[in-house]
Amino acid sequence: MQRRIPLFTGEGVRDAEVTVHPFAAGDGLGLTLTRYRRTSAATAAPGDAVLLVHGLTTSSDMFVMPEHDDLTSHLLDHGYPDVWALDSRMSNRFPYDMASHRFTLDDVALHDFPAAFAEIRAHIGPAARLHVIAHCLGGVTFAMSLAAGLVGGVTSAVVNSSALVLRVPRWSRCKLYAVPGLTEYVLGLPYLNPAWPQDAPFTRGRMIARLVSLFHPECRAGPCHMVSAMWGSGRPALYEHAHLSPVTHERVADLFGATGVHYYRHIRAMVRAGRVVKYRPGDPAYRDLPDDYLEAAAGLTTPLLLTSGDRNRVMADSNPACHRELSARAPGISRLRIFPGYGHQDVFMGKDSARDVFPHLTAFLDAHAG
């Protein structure tokens, strides 16, 4: 397959020094941070750094998109010369989700974020202001780690789509109950992969993808159909087609990777509880985490901007509901911003996001920057 844009590219970021910082998570898993820095830029907020956090199935590549203005370049251009992008264990840059595992979102909160923050602080120092912009389950796990008190010194945070409350469409609930067991014990696969349409003919993945495509007449891109089957409820589920560049739509299989289905079991427990909860209460390996993260959030002081598209067919109204809950538990720490016409993923990956979305994010950061 000939790609118009290289896999795992950084070429979308203009005039920045790019360095990669490998580090080990608390349980020894190898992860990376990528730093984009303009050392000579005159900025409105000197000393401010921003950490970008992807969701499950994506990677730091969702913030570096050469086909149009992306969030990394937007931040560098608007007064934030030190941008870090995390690739956690949920990143499609790693092979972890294409092997059988029993990771949960608790593992990301407990092991990935404290180690990532320690690595960043080793470079920017303990006093530098650090902001976070996180998406979907990256936002959920960041909020979990923050509520548990495992990360601190966060000046402000933007969390898109879902934070400490999970509410999903009815069809998504059905999939959360059926898909993990069906995939692992009937199909004999530990993961789902949007790249299956590109497999050889008559292979198991290719046949599954062809079956999925029968129910998705909205476009002719098999990987687009697969990510709609994996997440959310809709045709398509993750974004509005009109908001994507044709180039982005063409490379969906590069931008969205395989998903280990055990994560779905933890998401299912959270949806059932109506809030973010620990997967195995009482397990001593997770004693540093609260059983109920939303209750633990009562002590939060970090200013939060909760965002979502009003056509979110993945996490539905999770963040509006979270805003209501936080307003009762920790009054004044959260604000809510809804983006008209946007869905779930196109908030960050849309061709016009730099016009419609990003200025609202930088305005919130500016309000708390130095």
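The values are calculated or read from the model by the stated rules, or taken from the named source; none is laboratory data. Here the structure is a predicted model, which means the values were calculated and not measured. So basically every Cβ, Gly included, is an ideal-geometry build from the backbone, and we count neighbours across all protein chains shown.
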(message) Can you list the helices (runs of 4 or more DSSP H) lying wholly within region 307-360 that have 1 or more residues being under 21 Å from GLU250 (Cβ atoms) and touching a residue at least 12 places away in the same chain (Cβ under 8 Å)?
(response) 346-349, 353-356
(message) Residue pairs, Cβ under 8 Å, 6 or more apart or interchain, first in region 261-279 and without any contact (Cβ under 8 Å) to a residue 24 or more places away in the chain, second surrounded by fewer than 23 Cβ atoms within 10 Å (Cβ to Cβ) and in a loop (DSSP other than H, G, I, E, B). List them.
(response) ALA269/TYR279; VAL277/ASP291
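Taking the conditions exactly as written (among the polar types (S, T, N, Q), surrounded by 13 or more Cβ atoms within 10 Å (Cβ to Cβ) and in a loop (DSSP other than H, G, I, E, B)), does THR72 satisfy them or not?
The answer is no for THR72.
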(message) Exactly one condition in (1) of a type in the set (A, V, I, L, M); (2) modelled with pLDDT under 95; (3) within 15 Å of the chain's Cα centre (by Cα) is false for ALA85; which is it?
(response) (2)
(message) Can you say whether LEU300 is at pLDDT 95 or above and within 20 Å of SER161 (Cα to Cα), as far as the supplied structure shows?
(response) yes
(request) Counting only residues that are closer than 21 Å to ARG4 by Cα, give me the helices (runs of 4 or more DSSP H) lying completely in region 162-281 with at least 2 of them. (result) 222-230, 246-250, 252-255
(request) Test PHE94 against the stated conditions and say whether it is of a type in the set (Phe, Trp, Tyr), surrounded by fewer than 24 Cβ atoms within 10 Å (Cβ to Cβ) and assigned to a loop (DSSP other than H, G, I, E, B). (result) yes
(request) Could you please let me know if ALA147 is in the same structural domain as ASP107 (by TED's automatic domain parsing), in contact (Cβ under 8 Å) with a residue 12 or more places away in the chain and out of contact with any strand residue (DSSP E or B) (no Cβ under 7 Å at 6 or more places or on another chain)? (result) yes
(request) Six or more apart or on different chains, Cβ under 6 Å: which pairs go from a residue in region 83-103 that's farther than 22 Å from LEU189 by Cβ and in the same structural domain as THR362 (by TED's automatic domain parsing) to one that's part of a loop (DSSP other than H, G, I, E, B) and of a type outside the set (S, T, N, Q)? Could you list them? (result) ASP87/ARG93
(request) Can you confirm whether region 138-154 contains a residue that is over 30 Å from ILE124 (Cα atoms), part of a helix (DSSP H, G or I) and of a type in the set (S, T, N, Q)? (result) no
(request) Scan region 303-329 for residues that are of a type in the set (Gly, Ala, Ser) and either at pLDDT below 95 or crowded, with 19+ Cβ neighbours inside 10 Å (or both) and jot them down. (result) SER308, GLY309, ALA316, SER318, ALA321
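Can you pull out the residues in region 160-177 that are polar (S, T, N, Q) and in contact with a Cys (Cβ under 8 Å, 6 or more places away or on another chain)? Full working, then the answer.
Looking only at region 160-177, we keep the residues that are polar (S, T, N, Q), and these are 160-162, 172.
Passing the criteria: ASN160, SER161, SER162.
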(request) Using the structure shown, decide if THR57 is part of a loop (DSSP other than H, G, I, E, B), under 30 Å from ASP291 (Cβ atoms) and modelled with pLDDT under 95. (result) yes
